[in-house]
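Please treat every number below as a calculation from the coordinates, not as lab data. Here the structure is a predicted model, which is why all the values come from computation and not from measurement. All Cβ positions, glycine included, derive from the backbone under ideal geometry; neighbour counts span all protein chains shown.
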Amino acid sequence: EPEVTQTPSHQVTQMGQEVILRCVPISNHLYFYWYRQILGQKVEFLVSFYNNEISEKSEIFDDQFSVERPDGSNFTLKIRSTKLEDSAMYFCASRTRQTTDTQYFGPGTRLTVL
Amino acid sequence: RKEVEQDPGPFNVPEGATVAFNCTYSNSASQSFFWYRQDCRKEPKLLMSVYSSGNEDGRFTAQLNRASQYISLLIRDSKLSDSATYLCVVTITGANNLFFGTGTRLTVIP
């Protein structure tokens, strides 16, 4: 069964450093998402991406964040200058065209900012 | 304003018990409804979609009451492997992202 993959599984970084989280969505999917989950809290939407551009973003997704689909398979989330409060689990998800279609989540990247 | 509200639990039930979780959503434009399951430090995985007429998948039954903006999940004959956090999730018309509740933690005890 096809699945969303994410790398790395765990990233430790110093405050102020840039990090890039990588995702490979399911190959025939067209919509891509990033969500985050701070420890003990709910899963929160960050951004959605379709047709090589951002389609929606939340208030969390400020100028520190950017997304890119650099080639036909990867989908990346960049945090320019990490803060302590960016420590969280970051999940990538993807789905096909229909809005009612299930979003499939990757295993997540645990980001720890020291 | 919380889009989706759930009782965080925890619910500790013996094997074989029946347990029910409830969820309320605030936006009347909510369009699609789901229950996801999340194991500790893992990704959310779709358990089932929730339809207006109610639907069943094996030991799991989901109900939706649009008038009351209320969703429920019933688990019959609980197994140890059902221990997880159950997430109530909705989508809203005009937005294609998912809105998650905080989850209800279930522990099934031998």
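With the Cα gyration tensor of region A:15-86 in hand, convert its eigenvalues to equivalent ellipsoid semi-axes via √(5λ) and list them largest first in whole Å. Numbers along the way, then the final one.
Values: eigenvalues 88, 40, 26 Å².
Each semi-axis is √(5λ); the values are 21, 14, 11 Å.
Pairs of Cα atoms under 8 Å, at least six residues apart: use those to get the relative contact order of chain A, whole percent.
Dividing the mean separation by the residue count of chain A yields 38 percent.
Would you please give the FRET efficiency between residue B:70 and residue A:18, computed as 1/(1 + (r/R0)^6) with r the Cβ-Cβ distance and R0 = 35 Å, to the nearest 0.05? It would help to have the intermediate numbers written out before the result.
Details: r = 44 Å, r/R0 = 1.26.
Using R0 = 35 Å, I get an efficiency of 0.20.
Give me the percent relative contact order of chain B, please, defined on Cα pairs under 8 angstrom at least 6 residues apart.
Value for chain B: 38 percent.
Over the Cα atoms of region B:1-89, how large are the radius of gyration and the largest Cα-Cα distance (Dmax), in Å?
Using the Cα atoms of region B:1-89, the pair Rg, Dmax is 12.8, 38 Å.
Put a dot 7 Å past each Cα toward the Cβ at residue A:81 and residue A:68; how far apart are the dots in nm?
Distance between the two pseudo-spin positions: 1.9 nm.
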